[in-house]
Every structure is written in C-alpha cells, then in structure tokens.
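Accompanying notes for the structure given below.
The values are calculated or read from the model by the stated rules, or taken from the named source; none is laboratory data. Model, not experiment: these values are computed from the prediction. Because the Cβ atoms are built from the backbone with ideal geometry, glycine has one as well, and the counts that use them run over all protein chains shown. Please note that ligands, DNA and RNA were not included when accessible areas were found on the heavy atoms of the full protein model with its side chains. Shrake-Rupley method; radii C 1.70, N 1.55, O 1.52, S 1.80 Å.
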Amino acid sequence: MESRGPGDTRELNMAPGQMIKAKIKKTLPVTGPQAPTVSELMHWYCMNTNTHGCRRIVVSRGRLRRFIWILLTLSAVGLILWQCAELVMSYYTASVSVTVQFQKLPFPAVTICNINPYKYSAMKEHLSELDKETKNALETLYGFSEGKFKVRRDADDWNATESKFLERIPLLKFKDLSKKTVTEIPSGNKRKIETSVFHQGSSMVNTGDPQDVVGFQLCDPNNSSDCAVYTFSSGVNAIQEWYKLHYMNIVAQIPLETKVNMGYSAEDLLLTCFFDGISCDTRNFTPFHHPLHGNCYTFNSGEDGKVLTTSTGGSEYGLQVVLYIEEADYNPFLVTSTGAKIIVHDQQEYPFIEDIGTEIETAVATSIGMHFTRSHKLSKPYSDCTETGTDIPVANLYNKSYSLQICLHSCFQRAMVDTCGCAQYAQPLPPGAEYCNYKKYPNWMYCYYKLHEKFVKEQLGCQQICKEACSFKEWTLTTSLAQWPSSVSEDWMLRVLSWDKGQKINKMLNKTDLANLVVFYKDLNERFISENPANNIVILLSNFGGQLGLWMSCSVVCVIEIIEVFFIDSFFIVMRCRWQKAKKWWNDRKATPPQEPPQGNAPAKEGHDNPVCTDEDLPTFNTALHLPLPQENQMPRTPPPNYSTLQLNAAFTDLLPDTLEGRSH
C-alpha cells in the first residue's frame, strides 16, 4: 500500500487550477517579497539588480575579492550620498544678475530739515529754567558764562539756588575715575559711587585730567539703590546729553500745533527753487513734523499721486534750492553745528533724518550726484528676508512701506511702552500710549537708558525678529563742495536774496545763513540687481541621475527598485514573520486543553489505549497524524494494529465456503 503525506492529501482536495499553481510555486525558486527571510530577499536582490557592485559581492569567489567589492560598493554609496547632499545645498543658492537700463527715471523724494528744530526765540519761554541751570553748570565745571571765560572754580564754592533739573539728574565731576570719586553739581558734595559706570560715545575714556570726565547719574525713584552712572570723554557730549533728556521731556508736553508754529515755515526755509530747469516754489514741498528736527519739507513726495521724472542727467536738470538757515536763532545748547539735513528716499519710505541724513553746510554749494539701483532678493528658502513685512510680528508705527529700520524702531517703541508705561518722544506714538514726562512717569529716563542698553546689546529680541526687505530702492550719493557765493558775486547776490526775502537793505543777509543745494542724476542708467535660483528641479534631477550613473551604473528605475526591496518588501517580510509567530502562539494556546491534576496512581495511557482509536473507528495513517500531542509535546506513536482483523475466516466464511471445505480435506 502507498502512503500519502498531509501535503498530498491537501492537494487531492484542491481544484485542478489550484493544484497547478501549487506545483509552480513548489518548483520555482522563492523570489522578492515571497522570500521567507530578509537575508534571502537581499540575496535575490543582489543576483537580479542592475547595480553591478551588489551582484559582484554575491558571485565573487574568495574572501579578499568579496571584501574588495564590498569596500568599493560602500565607497560608491558614500560618494553618491555626499554628492547628492551637495546638490541639494546648491539648489538653495541664488545667483546674482545685474541689469543696466538707460531710460527715463523717476525722481526720488528729497526731505530737507533745519538742524535746529525750533526757533530759539520762540522756545525760550519753555526752556528758560533749563537754560539757566545749564549756564550755571558750565560756569561751575569750566569757569565761564555768557561767552566770557572766568577762572575755573570748584563745585564746593557754588552756592546756587534750588535747581529742579540738576537735583533730578545731577551732573557728576570725577576726581578719580578709577576710585569712582565724584563731586555732585550743584551741591558740591563729594562721595564715592558704588553703582555701575557706563562710558558713552567712545570706547576710550579721556586720557587727560580725570577731573575733566563728566557724567550724570540716573536712579530708579522707587529704589534709590538702583542707579547707573553714565560718563563721557567730552564735557560737550555730557552737557548736551543731559540737556537733551530734559529738553525732550519739556517738548513732549507741548501741543503739536504750538510746536509747528515755533518751527521754520516753508517760506522761512526755502529762498529759491528750480527743478529740471523750471522754477518751483513751496507748493511743490509737502510739510511733516519730525520729533527731533521740527518742521521738515519733502520735495516730490507723491502724496497727490504724481511722481516727477527726469529724462536728462546733470546738475542743470536736478533739484536746485537755496536754504535760509538763520543761525542767529539757534539753540546754543541743543545743536553745535549749523546747516540743514537732507535725505533722498523713495516716496513710500519714511525719511530717517536722524539716522542716515546728510548734513549741508552753510556758505557752501553742495552738489549731490545720484545713481539709482533697484534690488530684489529671493525670500525663503534662499534668504531670510520678507516681501511685505506682514509676516513680522511687529506693528508698523510709521504708516509707510516696511523696512528694517521701521521694524527696529517700532519694536523698541513697543518695548518702551510695555516696560516703562510710556512712549519715547523721538518715535511715533503707538495707539493708546502717551509720551513720557517725569511729572507723570518719574522713572522713565532711567527705564529708557536701561532698555536702550539692552537694545544695543541685542537682548530685547528686536534684531532677531526684524528682517530685511526683499525689495528696495537705493540712491548712491556722491557729494562735492564748493565755496558759495564767490567773493566777486557775494555782494550783489546777498542783496538780491535779501530783497526777495523782504529784508531791508541795511539788514542784508549773511552768507553763513545760506546754503546752496543741488540734487541730480549723474546718469540715467538704472541698475537692477536681482537674485535668481542657481538651480531648478530639472537640473537637480539631472545632476542626481548623473551621480547615480557615474558611481553605481544606476537609473531612476534602479532607485525605485531599491525603495521597493529595501523598504517595502523588507517591511512586509518582517511583519509577515511576526504575524506567523503571533498566529502560531494563539493557535497553540487555543488548542491546548486545560491541565487536570492526575488522580491516584492511574497508569499513563499508551498509544493503543487512546480513546480516539477504538474498534468502531479503525485507525488509519491519516487519523494517526491527527491524534492530539501528548503532554511531553512529542509526536504520537502509530497505534498498533488490531490483530483480530487479520483473521480472514470471520470475514470470508460466507463468501468462500468451497475453499474452507477444501482445506478440511
């Protein structure tokens, strides 16, 4: 009798089509994701892949040759990864291109301010007490008053009247800077300071007499021990800075309308005007009030929607103005130079006169030649710039187009309001805030200095938040000076200008009160600097393909094959193995009956005593394979046959009677 295994039994129960598939699977080699283990999958991949290095690792004979091929293949993979990383990095670089065009150019806005913000004759009433104390301090420190030098005296000899400005912020004269020994002005008290000393204006202290080092002390009114002393290498800088603190405090409390009336009107500042060879007047200038420079005037502001252009370069076709400075009405303690400040800017930009303004001298003809440049930078991921500033979490207080300076000033002003409770006078007022004054905010000066110190050290976070604008316009300026008016034309020119000004002949204008300004395009070449991506996606993919083909003789299909085998197929094989183990564990747990304790000394059951094998159900080979496993998890023995079945007489008595009769004989 031919015995059949369990696999043969299952095949007999299959349909013909399924039997054919089973035989094919049994005959063909195991490949791809049907591999039982990851190592067999890798072996199959190396034998069938297009990358020659992997195949040589498998088929090479000898350990040395196989090691060499492993080393070469890994080196090629490392080079590919390195080169591809370089390609990705170069993808985010930009190339700069410069385009020069010759065309009709828009003329920029030109903002002009007098260096002296307000007429001193109009401000005297508000500054009388401050000016008096400043003169007394100068007399004490340097021994002169009202322009006449006197013998220098010590502060101990000054029996001054009560001074609210010097008492609020006392001036200090250092006897010994290293020992921090100071003399207070005006009290004359000598003491040693224990607070921090900050030197302003220069990194080097005055190398002369230590007595010449002058400064002032700022303290927190709520905590007298919390103070800071600021020193200056020049007494001029110390007095000016001390004066400006009180000056801003006073001006911040004056209504805007009053300040405008105390400043210079357009008729006061502008004597003559020409643009592009055509006469112009004050109607071509737009006024605005600057906190530090008073009334300023912008030519070609574009507020009416019209921007002037020029089609010819040269000084004859630019802006030509003569300014009346009126030096005699200057504040002697606030400003130490004479002239005007101008700035060339775009119509949508705010004119930061105090930061980047150009000073114009009196009695001099100043010619400013311009070159126009437009620049555009690529935003992320190529650079950290902003297109419109809407992505910057800082409110624009200037109502102009975004710029880095606007962001920094707005950020500091917001920090000033949040920290000190009021706004600094030199910058626009945020909504809902008011300018600082020490009547309502007695500690604002100390708070401002401490906050400004953090701002300079980049501890406020403004420099980290604010970004450069991606697009901007720039006018490169070239300044030249000439004596004006000349000695031969001075007399008649001053007489004519005095007549135009409405002055009497016996009060002729002085040339030190006048400044001549010319702003023009040196040429009409517009330079456009733009950034363009150095690579695009097509070039990047081509470079990837070149590296793969050079080092691994590989293509895009090969890359897809690697992804499929090393990631997808490997993942499914691992998961399938885990699933089979979990399924086997569950089936074993489900099939194993609960263990019962043995009763007495019952003898262990043998194979022929198995209840499954009875005379009513004769054992066969198949039933023997389905017997339950014993407790020792060993394969069951084949039960012995029932020998009574071998006696044929019981089975064939009725069928073969003649045979039996023959045997009896």
Next item on the list: Check off (1) at pLDDT 85 or above; (2) surrounded by fewer than 18 Cβ atoms within 10 Å (Cβ to Cβ); (3) among the charged types (D, E, K, R) for Asp513 and give me the number that stays unchecked.
Entry: (2)
Note to self: Within region 332-426, considering only strands (runs of 3 or more DSSP E) that don't extend past its boundaries, which have at least 3 residues that are among the small types (Gly, Ala, Ser) and at pLDDT 90 or above?
What the structure shows: 364-376
Next item on the list: Read through the list (1) modelled with pLDDT under 80; (2) touching a Lys or Arg at 6+ places or on another chain (Cβ under 9 Å); (3) surrounded by fewer than 19 Cβ atoms within 10 Å (Cβ to Cβ), then give the number of the only condition that Cys84 fails.
Entry: (2)
Next item on the list: Output the number of the condition that Glu139 fails; it satisfies all remaining conditions of (1) of a type outside the set (Gly, Ala, Ser); (2) within 21 Å of Val229 (Cα to Cα); (3) at pLDDT 75 or above; (4) open to solvent by less than 70 Å² (accessible area, probe 1.4 Å).
Entry: (2)
Checklist line | Only listed residue being under 30 Å from Leu271 (Cα atoms) and surrounded by fewer than 19 Cβ atoms within 10 Å (Cβ to Cβ), chosen from Ala328, Ala365, Ala340 | finding: Ala328
Next item on the list: For residues that are among the charged types (D, E, K, R) and at pLDDT 75 or above, scanning just region 536-589, find the one that is surrounded by the most Cβ atoms within 10 Å (Cβ to Cβ).
Entry: Asp569
Next item on the list: For Lys259, work out the one condition from (1) open to solvent by less than 20 Å² (accessible area, probe 1.4 Å); (2) not in a helix (DSSP H, G or I) it doesn't fulfil.
Entry: (2)
Next item on the list: Can you give me the number of residues within region 256-279 that are under 25 Å from Leu509 (Cβ atoms) and touching a residue at least 24 places away in the same chain (Cβ under 8 Å)?
Entry: 15
Margin query: Of everything in region 519-534, what is in contact with a Phe, Trp or Tyr (Cβ under 9 Å, 6 or more places away or on another chain) and either open to solvent by less than 30 Å² (accessible area, probe 1.4 Å) or under 18 Å from Trp475 (Cβ atoms) (or both)? Give them in sequence order.
Written below: Val519, Phe520, Tyr521, Asp523, Leu524, Asn525, Glu526, Arg527
Check: Do you know which of the residues in region 101-118 that are part of a strand (DSSP E or B) and surrounded by fewer than 24 Cβ atoms within 10 Å (Cβ to Cβ) is modelled with the highest pLDDT?
Finding: Ala109
Next item on the list: Spot the failing condition for Val394; the list is (1) buried (at least 19 other Cβ atoms within 10 Å of the Cβ); (2) more than 23 Å from Ile254 (Cα to Cα); (3) touching a strand residue (DSSP E or B) at 6+ places or on another chain (Cβ under 9 Å), and only one is missed.
Entry: (3)
Note to self: Please go through (1) out of contact with any Phe, Trp or Tyr (no Cβ under 6 Å at 6 or more places or on another chain); (2) in a strand (DSSP E or B); (3) open to solvent by 10 Å² or more (accessible area, probe 1.4 Å) for Gln320 and return the number of the only condition it doesn't satisfy.
What the structure shows: (1)
